[in-house]
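Computed from the coordinates by the stated procedures, all read-outs in this text should not be read as laboratory data. Please read all numbers here as calculations on a predicted model, not as lab measurements. No Cβ is skipped: glycine too gets one built from the backbone with ideal geometry, and neighbour counts run over all protein chains shown.
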Amino acid sequence: MKNFGLFNLYINKNNYAKSRKVKLLTCSLLLVISFTVVGYRTISLASIKKDNTSKIVYKNLQSKAFHKNSRGNIYDRNKKILATTINTLSLNINPQEILNKHETINKLLQIFPQLNEKGLLKKFNTNKKHVNLLREISPREYARLLHLGVEGLKIQKRPKRIYPNNSLASHILGGTDIDGKGIAGIEKKYDAQLKSGKNIDLSIHSGIQHITKKLLLDQINKFEAEGGAGIVMNIKNGEVYSVVSLPDYNANNYNSILSKILFNKATKGIYELGSTLKLITAAIAFESNLINENEVFDVSKPLKVSSRVITDFHPLNYSINIPEVIVHSSNIGSAKIAEKFGPSIQLKYLKLLGLTNKLPLEIPELGRPQVLMDKRILTTMTISYGHGIAITPMHLASATSTIVNNGIKVDPTLIMGKSKIQNKQIISRETSMKMKSIMRLVVSNKYGTAKKAESAGYLIGGKTGTAEKINPNGGYFKKKNIVAFTGAFPINNPKFTITIMIDNPKGQKFSNGYRTAGWVVAPVVKQLVTRIAPILNIKPQLESSSKLSDNLFNYKIRGKKKGENL
Amino acid sequence: MIRYPSFLIVFVILFAAISLYQIKHVITKKEIELHQVKNKINNVQSDLKILKAELSYLKRPDRIEHIALNKLGLKEVLPTDIWNLKDLENVKDNLNNGEHK
C-alpha cells in the first residue's frame with residue numbers, strides 16, 4: 001500500500017522503513033499542530049488590542065481598584081451628592097529613621113503648630129517603627145512637608161466619609177464610625193450595599209429639604225420653641241421629598257454630637273398630635289356608614305365622661321355636623337362621633353392606616369406608636385381628638401396621604417423609585433372626597449383653624465392640632481404644647497402632603513400670646529407651599545376653576561352665632 | 001543529515017521559544033505600564049471625587065439661596081407670577097360676560 005495518508009496506518013511488516021517514516025511524520029505533524037495552537041493562543045492572550053485593553057482595564061479598575069475600598073455615595077433625587085468618601089492623608093513617622101530628632105521636630109512645628117514639642121519628643125523616643133502624628137493633613141501641608149524634606153515620614157491615604165451639605169438631611173443620612181461602618185440612618189440601613197461600592201439614590205430633594213428646614217427653623221426661633229419636624233411627601237408614590245428634624249447637626253461631626261440632638265423627631269419621636277387626628281375620626285365616621293353627614297351633634301355643653309370633662313377651645317352653643325366639627329375643631333363633637341362608631345371600628349381603621357405599628361421606612365430610627373387599646377368608651381373619645389394616641393409626624397403624614405389619595409394606602413419611602421403604587425383601598429373614594437372638601441374648608445373658611453395657611457392659588461387643605469405635651473414623669477405639661485398641621489395640596493387633586501410639628505412654642509406679643517397651631521404652624525405651611533410649588537411644577541389655579549368644583553363638595557359652615565341656618 | 005521534518009521541528013521550537021520570550025518581555029512591560037496607568041487613574045478618580053464633593057459643597061442650597069437673594073437680587077416666585085393660559089381665558093370669558101350683562 002503506497003498511501004501514506006494520516007488515517008491509513010496499516011503497515012506491512014516487510015516495509016519497516018516506511019513505517020518509521022509514517023511515525024515520524026505523524027509525530028511531526030502533531031507537534032506542529034500543538035505548537036501552532038499553543039503559539040496562537042499565547043499570542044492571542046498576550047496581544048494588546050487597544051479596544052479590549054481599555055475595557056478590561058476599566059472593568060478591573062471599577063471592580064477592584066476603587067470600589068473595593070471606596071464606600072458608595074448617597075445622592076438626592078437629582079443626583080446631588082449627600083454623602084461621599086474621599087481620600088485624606090494621615091501623617092505617620094518611623095522614629096528609627098530619624099537622624100536629627102530636634103531638627104525634625106522644629107520642621108514639623110513650623111507646619112503643624114498644633115503639635116507640641118514634648119509630645120513629639122516622647123513619640124520619637126519610642127522603639128516603635130510606626131507612630132501616627134496626625135490623622136488628617138491637608139494637601140497644602142503635605143506639599144510643605146515635601147518641600148522641607150523631613151526624613152522618616154510616612155504619608156498614608158485614609159478614606160474619610162464626608163457630607164458636603166453639612167446639616168442638610170443629617171438625621172436621615174446618619175453617620176459612620178471611625179472604621180467607616182454605618183452606625184445610623186441610611187448609612188446603617190444600607191451599610192452592606194454602600195460597603196460594596198453601590199450608590200444609594202434617596203427620594204430627598206435637597207432644595208425642598210433646605211426650604212422646609214429654613215422656614216421651620218425661623219418659626220421655631222420666633223416662637224422660642226424647643227424644636228420641630230417637617231415632612232413633604234409625594235402622595236402618589238410615598239416618596240419623601242423632605243424630612244426635617246430640628247435641632248439638627250453637622251453630619252460631618254456625627255461622632256461628637258449629643259444624643260439629644262441626634263434624636264429624629266420626624267420618624268422616631270412619638271407625640272400626641274391633638275386635633276389633627278380628627279381627620280381620621282371624620283373619615284371613620286363617613287366610612288362606617290353609622291353616621292349621616294348631615295347628622296348633628298350638640299356641642300353647647302362640656303361633655304362629662306366618667307371622671308373626665310371634655311371641652312372645646314372655641315365653644316359653640318348649637319348642634320353641628322361633621323364638617324363643622326372639623327372646621328371648628330370641636331373636641332366634644334369629635335368625642336360624640338367616636339362614641340357612635342365605637343372602639344372596635346376605631347381600632348380597625350387605626351391599624352389599617354398604619355398608626356399602631358412602626359413604619360416601613362428605610363432608616364433604623366423609627367418610633368413605635370403608643371395607642372391606648374383598652375377599648376373603653378372614654379379612651380375611644382379621647383383618641384378621636386388626638387389624646388391617648390402618640391404617633392410620629394411621619395405616621396401622620398402617611399395617614400393623611402392615604403386619606404387624600406382616594407383612600408388608597410400610601411407607605412412612605414426614602415428611596416427613589418423603590419415604591420410600587422399600591423391598590424390597597426383603606427377608605428372609599430367618596431369618603432376621601434368628603435375629607436378633602438372638609439380639609440379645604442379648614443384652611444379657606446373664615447372660621448377654619450388653619451386660615452393662616454391659605455396661599456392664594458395653591459389650594460391647601462389640612463387640619464391643625466394643638467395638644468398638651470406629655471410629661472415623661474406622668475401626666476401632661478399644662479403650659480407646654482405640641483402644635484401640628486397636616487394637609488395636602490392642591491387639595492382638589494392632591495399631589496403632596498405636608499406635615500409640620502413644633503415642640504413647645506411660647507406665646508409672643510405678635511401672636512397676642514397665642515401658641516396654637518393656627519398661629520405657629522399654619523404660616524409655615526403657607527410659606528412652604530408658596531416656595532416649593534414652583535419647584536414641584538404645581539401651578540396656581542383659580543378657586544373658581546371648574547376643576548376645583550368638580551372634585552370637591554361644597555359644605556356650608558356656620559359661625560359662632562346661634563341661629564344661622566345650614 | 002538533517003531531515004526536513006526535524007529541521008521543521010527545531011525551527012518551530014526555536015520560533016516558539018523566541019516568541020514566548022518576546023511576549024513575556026512585552027507583557028512585563030505592559031504590566032508595568034498598566035500598573036502605572038491604574039495608579040494614575042486611581043489618583044485622578046480620587047481627585048475627581050474630591051472635586052465632586054467640593055462642587056456639591058459649593059452648590060449647597062443655603063449658599064445658592066444666599067447668593068440669589070443677596071448678590072443677584074432675585075426674589076421668590078409668587079403665585080401671582082405664574083398664570084395658566086386656561087385661567088386667563090376664564091378671566092377673559094368672565095369679563096366678556098360681565099360686559100354683556
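For this structure, a couple of remarks:
- Phi to ³J(HN,Hα) by Karplus 6.51 cos²θ - 1.76 cosθ + 1.60 over segment A:382-389, Hz, x for Gly, Pro: 5, 4, 4, 10, x, 10, x, 9
- Loop-resident sites, segment A:85-132, for trypsin sites (Lys or Arg not before Pro), counting at most 13 other Cβ within 10 Å (DSSP): A:128, A:129
- Amide H partners (placed H, <5 Å) of residue A:273, local residues excluded: A:391
- Pairwise FRET efficiency - residue A:118 versus residue B:28, Cβ, R0 = 51 Å, nearest 0.05: 0.50
- Relative to the longest principal axis of the Cα atoms of chain A, the long axis of helix A:139-148 lies at roughly 40 degrees.
- Sequence-distant aspartates and glutamates (8 or more away, or on other chains) whose Cα lies within less than 17 Å of residue B:92: A:543
- Cα-based shape type of chain B, given that a ≥ b ≥ c are square roots of the gyration tensor eigenvalues and the cut on a/c is 1.5: oblate
- Annotation: amide H of residue A:515 has no partner in the under-5 Å range at sequence separation 5 or more or interchain, hydrogens built in the peptide plane.
- Order by protection proxy (mean Cβ within 10 Å, highest first), peptides A:246-252, B:8-14, A:423-429: A:246-252, A:423-429, B:8-14
- Of all aspartates and glutamates in the structure, those lying under 19 Å Cα to Cα from residue A:195, and not within fewer than 8 positions of it along the same chain, are A:76, A:177, A:179, A:187, A:362.
- The length gained on full extension between residue A:103 and residue A:224, counted as 0.36 nm times the residue separation minus their Cα-Cα distance, comes to 38.0 nm.
- Charge dipole magnitude, Cβ of K and R +1, D and E -1 - the protein assembly as shown, Cα centre, debye nearest 20: 2720
- Amide H contacts for residue A:321 (H built 1.01 Å from N in the peptide plane; partners 5 or more residues away or on another chain; cut-off under 5 Å): A:297.
- Across peptide B:37-47, the average count of Cβ atoms from other chains found within 10 Å of a residue's Cβ is 4.
- Partners for residue A:101 among aspartates and glutamates (Cα-Cα distance below 16 Å; same-chain residues under 8 apart left out): A:117, A:151
- Once the Cβ-Cβ distance of residue A:290 and residue A:446 is raised to the sixth power relative to R0 = 41 Å, the FRET efficiency obtained is 0.85.
- Neighbour cut-off at most 12 other Cβ (10 Å), DSSP loop, trypsin sites (Lys or Arg not before Pro), segment B:1-82: B:3, B:75
- Summed side-chain charge close to residue A:555 - residues other than residue A:555 whose Cβ falls under 11 Å, Lys, Arg +1, Asp, Glu -1: +2
- Folded to 0 to 90 degrees: helix A:16-46 orientation relative to chain A principal axis, Cα: 40
- Cβ-derived FRET efficiency at R0 22 Å, residue A:543 paired with residue B:81, nearest 0.05: 0.80
- For chain A, the Kirkwood estimate of the hydrodynamic radius, built from every pair of different alpha carbons, is 28.2 Å.
- Dipole of the protein assembly as shown, positive end: most advanced residue of A:462, A:406, A:541 [Cβ charges, Cα centre]: A:406
- Just so you know, the Cα atoms of segment B:4-59 work out to an Rg and Dmax of 23.5, 78 Å.
- Here the Karplus relation 6.51 cos²θ - 1.76 cosθ + 1.60, evaluated at θ = phi - 60°, turns the backbone of segment B:67-78 into coupling constants of 5, 4, 7, 9, 9, 9, x, 7, 10, 5, 7, 9 Hz, with x for every Gly and Pro.
- Phi-based couplings in Hz for segment A:355-371 (Karplus 6.51, -1.76, 1.60; Gly and Pro marked x): 8, 10, 10, 5, 7, x, 8, 8, 9, x, 7, 10, x, 9, x, 10, 10
- Crossing angle, helix A:522-535 versus chain A [Cα axis fit, 0-90 degrees, rounded to tens]: 40
- Charge sum, other residues only, whose C-beta stays under 11 Å from residue A:464's C-beta, Lys/Arg counted +1 and Asp/Glu -1: +4
- For segment A:311-427, the equivalent ellipsoid built from the Cα gyration tensor has semi-axes of 29, 16, 13 Å, listed from largest to smallest.
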